There are 2 protein chains.
Amino acid sequence: MSVTDDLLENNARYAESFSGPLPLPPARKVAVVACMDARLDVYRILGLAEGDAHVIRNAGGVVTDDEIRSLAISQRLLGTEEIILIHHTDCGMLTFTDDAFKASIRDETGIKPQWAAEAFDDLDADVRQSVARIRANPFVPRTDAVRGFVFDVATGRLNEVK
Amino acid sequence: MSVTDDLLENNARYAESFSGPLPLPPARKVAVVACMDARLDVYRILGLAEGDAHVIRNAGGVVTDDEIRSLAISQRLLGTEEIILIHHTDCGMLTFTDDAFKASIRDETGIKPQWAAEAFDDLDADVRQSVARIRANPFVPRTDAVRGFVFDVATGRLNEVK
């Protein structure tokens with residue numbers, strides 16, 4: 001049995017006690033952009049209930065065109081007003097460089113990815129530039145309430161980056 | 001007080017009973033790609049514990065270059081082997097078209113986004129083409145265990161798309 005099959009059995013148990021449906025627009029009017037890291041259970045970290053907030057996640061919790069697309073849809077069509085950006089300690093993105101990662105893919109496949117891998121070497125600095133990417137973008141209308149944090153995987157605490 | 005401030009108070013309570021840190025590589029060797037929809041608490045839906053799986057999320061749960069970037073990092077650097085793709089019923093992406101959304105942004109800002117909004121009108125068909133995008137990409141090495149689902153927001157159940 002695959003891990004996926006095992007997780008589907010968990011889902012059957014989840015559905016047994018499910019009470020839905022909830023409304024489509026996020027109740028707390030917040031969008032979160034966080035790293036995909038397995039240790040970040042964003043709903044628990046922020047005390048979110050189902051239906052409270054959009055949760056956008058990727059390798060690093062970085063801001064590329066796809067996060068701008070998601071944030072534009074979140075704010076323009078579904079009414080969110082605040083943005084919480086979350087990087088974290090012990091992040092995989094601190095362990096490699098774009099050049100080395102893309103060279104390894106090129107060596108194996110014969111093709112160099114046309115995208116940036118978005119590795120970084122300074123957590124706080126990358127939170128700041130990620131917030132700056134959102135603020136500089138013309139398609140995200142509300143950027144007065146964008147705040148950036150580093151989640152500490154040793155303590156469970158969010159530390160704000162000013 | 002902003003909603004963000006309120007959620008930070010939740011985080012302080014979360015940190016009080018936090019036991020970490022866990023290892024960086026996902027214990028169950030799974031990556032999930034799901035919609036950002038507020039009603040999808042992915043950890044609960046799949047019965048995931050902290051540390052189990054990478055969770056990648058965006059508007060629609062679609063596959064663009066940024067999801068390929070995240071999946072490539074997930075598999076090549078952090079050892080995941082299976083991929084679970086999740087769209088859901090009552091999705092916001094069913095309620096607009098790329099053309100109308102991008103025209104509304106152009107009318108307001110004077111600039112038309114260079115990216116696709118990735119709206120769709122058929123859930124099952126978009127799950128299938130999202131799985132196909134992963135399988136067709138040269139940068140994601142393991143594509144033998146990619147499965148796609150539609151989460152039913154009324155029942156809590158994942159229904160597989162074949």
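The values are calculated or read from the model by the stated rules, or taken from the named source; none is laboratory data. Please read these numbers as outputs of a predicted model, since none were measured by experiment. Backbone-built Cβ (ideal geometry, glycine too); neighbour counts: all protein chains shown. The area values use the complete protein model at the heavy-atom level, side chains included, leaving out ligands, DNA and RNA. Shrake-Rupley method; radii C 1.70, N 1.55, O 1.52, S 1.80 Å.
Is there a residue being farther than 30 Å from B:MET1 by Cα, under 16 Å from the mean Cα position of the chain (by Cα) and facing chain B (nearest Cβ under 7 Å) anywhere in the range A:9-31? Within the range A:9-31, none of the residues are farther than 30 Å from B:MET1 by Cα, under 16 Å from the mean Cα position of the chain (by Cα) and facing chain B (nearest Cβ under 7 Å). The residues of the range B:16-38 that are crowded, with 24+ Cβ neighbours inside 10 Å and either of a type in the set (S, T, N, Q) or within 27 Å of A:THR80 (Cβ to Cβ) (or both), listed by number, are B:ALA31, B:VAL32, B:VAL33, B:ALA34, B:CYS35, B:MET36, B:ASP37, B:ALA38. Considering B:THR95, B:THR4, B:THR109, the condition of being surrounded by fewer than 24 Cβ atoms within 10 Å (Cβ to Cβ), at the interface with chain A (Cβ under 8 Å from one of its Cβ atoms) and either basic (Lys, Arg) or under 19 Å from B:ALA119 (Cα atoms) (or both) is satisfied by B:THR95 alone. Against the list (1) farther than 25 Å from B:ARG44 by Cβ; (2) free of Cβ contacts under 8 Å to residues at least 24 places away in the same chain; (3) acidic (Asp, Glu), the condition B:GLU160 fails is (1).
When the range A:124-141 is limited to residues that are open to solvent by less than 40 Å² (accessible area, probe 1.4 Å) and closer than 17 Å to A:ARG69 by Cβ, the one that is nearest to the other protein chains (Cβ to nearest Cβ) turns out to be A:PHE139.
Residues that are among the β-branched types (Val, Ile, Thr), out of contact with any helix residue (DSSP H, G or I) (no Cβ under 8 Å at 6 or more places or on another chain) and farther than 23 Å from A:PRO21 by Cβ number at least 1 in the following helices (runs of 4 or more DSSP H) confined to the range B:60-162: B:98-109, B:123-136. Scanning the range B:53-83 for residues that are hydrophobic (A, V, I, L, M, F, W, C) and surrounded by fewer than 24 Cβ atoms within 10 Å (Cβ to Cβ) returns B:ILE68, B:ALA72, B:LEU77, B:LEU78.
Do the conditions hold for A:LEU85, that is, is it of a type in the set (A, V, I, L, M), at pLDDT 95 or above and under 20 Å from B:GLU67 (Cα atoms)? The answer is yes for A:LEU85.
Count of the range A:38-59 residues, restricted to those that are without any contact (Cβ under 8 Å) to a residue 60 or more places away in the chain and part of a loop (DSSP other than H, G, I, E, B), is 9. Of all the numbered requirements in (1) charged (D, E, K, R); (2) under 12 Å from the mean Cα position of the chain (by Cα); (3) open to solvent by 30 Å² or more (accessible area, probe 1.4 Å), B:GLU50 misses one, and that requirement is (2).
Of all residues in the range A:142-154, those that are surrounded by 15 or more Cβ atoms within 10 Å (Cβ to Cβ) and facing another protein chain (nearest Cβ under 9 Å) total 6.
Within the range A:94-119, residues that are of a type in the set (Phe, Trp, Tyr) reach partners that are surrounded by 13 or more Cβ atoms within 10 Å (Cβ to Cβ) with beta carbons closer than 7 Å, at six or more positions or on different chains, in the pairs A:PHE96/A:ALA119; A:PHE96/B:LEU77; A:PHE101/A:ALA117; A:PHE101/A:ALA119; A:TRP115/B:ASP65; A:TRP115/B:ARG69. Under the condition of being over 13 Å from the mean Cα position of the chain (by Cα) and under 19 Å from A:ARG28 (Cβ atoms), the residues counted in the range A:73-104 number 10.
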